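A.B. asks: Take this structure, written in structure tokens, and hold onto it; I'll ask about it next.
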Amino acid sequence: MPPRRRKVARKSIFDPIHGPITLEGAALGLVGTPEFQRLWGIRQTGFAHLVFPGANHTRLEHSLGTYWVAEQMSVRLGLAPGSARRVALGALLHDLGHAPFSHTLDAPMVEVLGRTHEALSCARIEGTDPDWPPASVEVPGQLERHGVDPRSIANLIDPARSGREGRLMRSVLHGAIDADRIDYLQRDAYYTGVAHGAIDAVRLLDTMRSVHGQIYFAEKGRSAVEGFLVGRALMYSSVYFHKTVRSAEMMAQGAVERLPGYPEAARELFRATDGELLVRLREAGGVSRTLVDGLLERRLYKRAFGWREVTGTVRSRWRRLLASPPRRRALEDRAAEAVKAPPGSVLIDLVGLEPANAPEEDWAQVGILVGERATFPFHRSSPWQALANRPPADWAVSVYAARPYASALARWLARDPSVLP
């Protein structure tokens, strides 16, 4: 009798964006770990569900989708099997370090832990996160059990470390058009119902080429590349940085920053899920409870004042507050006091001062192949370059206030905007 074949464990998960996603080996083992299953409890788009009620999809769904896209990119770019496997696993695990409500708490995370969410993802992959319960550390063991070095996966995920890996592998996870963005633009457009985020991912993947270790697109894919750029810009302005979404996110950030004993008391919050975070903040009482109650009852702060553009010395003064959260909170309280409002009633949003692109999102390097010749249409001055460099938010600085005080704050700032910053 012929020897029996060993049954290979394999599962297929149906995804509404990509269809069936097949998991086996290390990927199948990783999705069952506590670190990965936590992502069920983290909304992909923060508080966007308060504006777009369908936006209740999670980081776990996005991670599975990014895994699938990375696999497809690896095939089209001709990566060797071992490299393709590592890239796909990196895509699967790239969001392990996200705080509750995704990017909402990025600033407090850096202030409290001194780490970005990418660095925290690396720590959880390598099992070196000091704030993660030791009994629940399973990711590094799963990787090693399948012959994968956790450090090699971590090096792919953090842009600060990914220079140690091959340029092409790095581009799949960190580039202007990468697996992460190809998934989230489609997924977020689908669940929010915002049609202009619906990119032509099939065409992007079909026209993707590898030339000298760099991703290029065939000439027939240029329209898909341009559509990706438009979709990305419009999703940022209409969804991710919608003024009401930002109001809710600032309230959540304010609730964490006003926690009694902050910043040390907030250390454990960054490993919580969305629901756990809200429960802990309500239990803390004070300003934190007031802000969370407002979120749960949808009594959101109103944008009382804003600056679409700030330049020169004024911009420099605002930008200094980005690096000094305590000074920003002191300014918020000074503004609240000026209109006889309690602390925490005024919140300042500086997201419009952030760079339009992360360093790895270099649109100038996005190449289009015209025959055998490489061209870089987004390098020169053009409407496309302006769109690529468009700030993520329409307003450079926004000042939000609890509704009973919003009108008084607006009048106070209208009389003399120079009182801030």
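A.B. asks: Out of Val230, Val245, I need the residue that is among the β-branched types (Val, Ile, Thr), outside any loop (DSSP other than H, G, I, E, B), on the phi < 0 side of the Ramachandran plot and at pLDDT 95 or above. Which one?
C.D. replies: Just a single option satisfies the conditions, and that option is Val245.
A.B. asks: Let me ask something additional. In the stretch 30-57, which residues are closer than 24 Å to Ala123 by Cβ, in contact with a helix residue (DSSP H, G or I) (Cβ under 7 Å, 6 or more places away or on another chain) and either surrounded by fewer than 18 Cβ atoms within 10 Å (Cβ to Cβ) or among the charged types (D, E, K, R) (or both)?
C.D. replies: Pro34, Glu35, Trp40, Gly41, Arg43
A.B. asks: Considering each of Gly306, Gly344 in turn, give the residue that is small (Gly, Ala, Ser), under 30 Å from Gln385 (Cα atoms) and touching a residue at least 12 places away in the same chain (Cβ under 8 Å).
C.D. replies: From the options Gly306, Gly344, the qualifying one is Gly306.
A.B. asks: Next question, about the same structure. Any residue at all in the stretch 217-227 that is under 26 Å from Leu156 (Cα atoms), surrounded by 20 or more Cβ atoms within 10 Å (Cβ to Cβ) and more than 15 Å from the chain's Cα centre (by Cα)?
C.D. replies: For the stretch 217-227, residues under 26 Å from Leu156 (Cα atoms), surrounded by 20 or more Cβ atoms within 10 Å (Cβ to Cβ) and more than 15 Å from the chain's Cα centre (by Cα): present.
A.B. asks: Right, next: Might you let me know whether the stretch 371-387 holds any residue that is in contact with a helix residue (DSSP H, G or I) (Cβ under 8 Å, 6 or more places away or on another chain), part of a helix (DSSP H, G or I), under 30 Å from Pro325 (Cβ atoms) and of a type in the set (A, V, I, L, M)?
C.D. replies: no
A.B. asks: In this structure, does Arg271 turn out to be surrounded by fewer than 17 Cβ atoms within 10 Å (Cβ to Cβ) and outside the structural domain of Leu96 (by TED's automatic domain parsing)?
C.D. replies: The answer is no for Arg271.
A.B. asks: Another one. Could you tell me whether any residue of the stretch 155-162 is acidic (Asp, Glu) and either modelled with pLDDT of 95 or more or surrounded by fewer than 21 Cβ atoms within 10 Å (Cβ to Cβ) (or both)?
C.D. replies: no
A.B. asks: State whether the residues of the stretch 350-359 include one that is surrounded by fewer than 21 Cβ atoms within 10 Å (Cβ to Cβ), outside any loop (DSSP other than H, G, I, E, B) and within 20 Å of the chain's Cα centre (by Cα).
C.D. replies: Yes, the stretch 350-359 has at least one match.
A.B. asks: Among the residues of the stretch 135-154, is any within 30 Å of Gly254 (Cα to Cα), surrounded by 21 or more Cβ atoms within 10 Å (Cβ to Cβ) and either outside the structural domain of Leu321 (by TED's automatic domain parsing) or of a type outside the set (Phe, Trp, Tyr) (or both)?
C.D. replies: No, the stretch 135-154 contains no residue that is within 30 Å of Gly254 (Cα to Cα), surrounded by 21 or more Cβ atoms within 10 Å (Cβ to Cβ) and either outside the structural domain of Leu321 (by TED's automatic domain parsing) or of a type outside the set (Phe, Trp, Tyr) (or both).
A.B. asks: Select, from Ser210, Ser237, the only residue that is in the same structural domain as Ala195 (by TED's automatic domain parsing) and part of a strand (DSSP E or B).
C.D. replies: The conditions single out Ser210.
A.B. asks: Which pairs have Cβ atoms under 8 Å, sit 6 or more apart or on different chains, and link a residue in the stretch 314-328 that is more than 18 Å from Gln253 (Cα to Cα) to one that is exposed (fewer than 14 other Cβ atoms within 10 Å of the Cβ)?
C.D. replies: As it stands, the answer is Arg320/Arg327, since those pairs meet every condition given.
A.B. asks: While we're here: Just one of the numbered conditions (1) in contact with a Leu (Cβ under 6 Å, 6 or more places away or on another chain); (2) under 28 Å from Pro260 (Cα atoms); (3) part of a helix (DSSP H, G or I) is not true of Met109; which one?
C.D. replies: Result: Met109 fails condition (1) only.
A.B. asks: Assess whether Gly193 counts as being among the small types (Gly, Ala, Ser), over 19 Å from His117 (Cα atoms) and not assigned by TED's automatic domain parsing to the domain that holds Ser398.
C.D. replies: The answer is yes for Gly193.
A.B. asks: With surrounded by 23 or more Cβ atoms within 10 Å (Cβ to Cβ), small (Gly, Ala, Ser), in contact (Cβ under 8 Å) with a residue 40 or more places away in the chain and within 30 Å of Leu281 (Cα to Cα) as the only criterion, which of Ala99, Ala91, Ala119 stands out?
C.D. replies: Answer to the check: Ala99.
A.B. asks: Gly312 versus (1) out of contact with any Pro (no Cβ under 7 Å at 6 or more places or on another chain); (2) at pLDDT 95 or above: which is the lone unmet condition?
C.D. replies: Condition (2) is where Gly312 drops out.
The values are calculated or read from the model by the stated rules, or taken from the named source; none is laboratory data. If you're wondering where the values come from, they're calculated on a predicted model, not measured in any experiment. Positions of Cβ are backbone-derived with ideal geometry, glycine not excepted, and every protein chain shown enters the neighbour counts.
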